[in-house]
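Working notes, structure below.
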Amino acid sequence: MANSVAAAARPSRTAMVATAAVTLGLLAFAADSVAGIAGQLLIALTSSGFAWGLTAVLVGRSADTARRAAIGATMLLVLATLLYYLLVLGVSRRWSGGHLEDGTSADLLGLRSVAIMTAAWLAAAVIAGPMLGMLGYVLRVGKPPTSALAAGGLCGLLSGDGWQSLVLAPPWRLLAVTDPDQAQFFRGVLAGQAVKIVLPIVVLAWLATAHRLWRAWPMLLTAAVSCGALSAALWYVVYAAAGSI
């Protein structure tokens, strides 16, 4: 009986992961077409390390075994990445239409950039997926000290993107811009930074309450700060590498 129940549950879990992946890919693609502050907020909410990382962790948290947690989170990130870049390739086609200095088409360079970014993010999904899935699983099944480290580490990892952008573009610099068009864009950037930092803290508070981890607040804080610094450094490397392509 137990085996038959488990077998019946697998297709529904696969469908759940696939649905979440499609939703992530579609929302991230849609956010690219929204301009201004609203667009920056949507990108922070749907097309960021926070959004995709949290979804992968929640998939892992809902799994009944560590193996399924790792596989489910990885499958989620891989499918969402493939869908996003397929939409870029065939729908928005923002890689096409450009021209080189000599007037020839830059489409091949655009396709090359899409291919490289797709491969890079797929590699990141394969590396980060198992870790995020296991992190979510440990949050649910671990003892309080272990769960506290996992929750704090999650907060730091998810907020690293926001912290690195905050360091590179401090609020006082963004708010000092006087040109109306640029000022609106930079205010959107600032709003996105705030979302990427505040929401992981909200998630940490939720997890600490749901799993009764507040007594282990030194572990929560230590893990959040150390993993936040590590995550910010890794995001800096990722953006620097992407900018050099």
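The values are calculated or read from the model by the stated rules, or taken from the named source; none is laboratory data. These numbers come from a predicted model, not from an experiment. Glycine also receives a Cβ, built like all others from the backbone with ideal geometry; neighbour counts cover every protein chain displayed. Quick note on the areas: whole protein, heavy atoms, side chains included, nothing else; ligands and nucleic acids left out. Shrake-Rupley method; radii C 1.70, N 1.55, O 1.52, S 1.80 Å.
Data table
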item: Top-ranked residue of region 191-216 - restricted to ones that are among the hydrophobic types (A, V, I, L, M, F, W, C) and without any contact (Cβ under 8 Å) to a residue 40 or more places away in the chain, ranked as least open to solvent (accessible area, probe 1.4 Å); result: Ile197
item: Number of the exception - Tyr236 against (1) in a helix (DSSP H, G or I); (2) at pLDDT below 90; (3) exposed (fewer than 12 other Cβ atoms within 10 Å of the Cβ); result: (3)
item: Unmet requirement for Ala169, which otherwise passes all of (1) closer than 18 Å to Gly228 by Cα; (2) without any contact (Cβ under 8 Å) to a residue 60 or more places away in the chain; (3) over 18 Å from the mean Cα position of the chain (by Cα); (4) open to solvent by 30 Å² or more (accessible area, probe 1.4 Å); result: (4)
item: Positions within region 33-61 being farther than 16 Å from Ala125 by Cβ, of a type in the set (A, V, I, L, M, F, W, C) and open to solvent by less than 60 Å² (accessible area, probe 1.4 Å), in sequence order; result: Val34, Ala38, Leu41, Ile43, Ala44
item: In region 130-166, the residues that are basic (Lys, Arg) and surrounded by 24 or more Cβ atoms within 10 Å (Cβ to Cβ); result: none
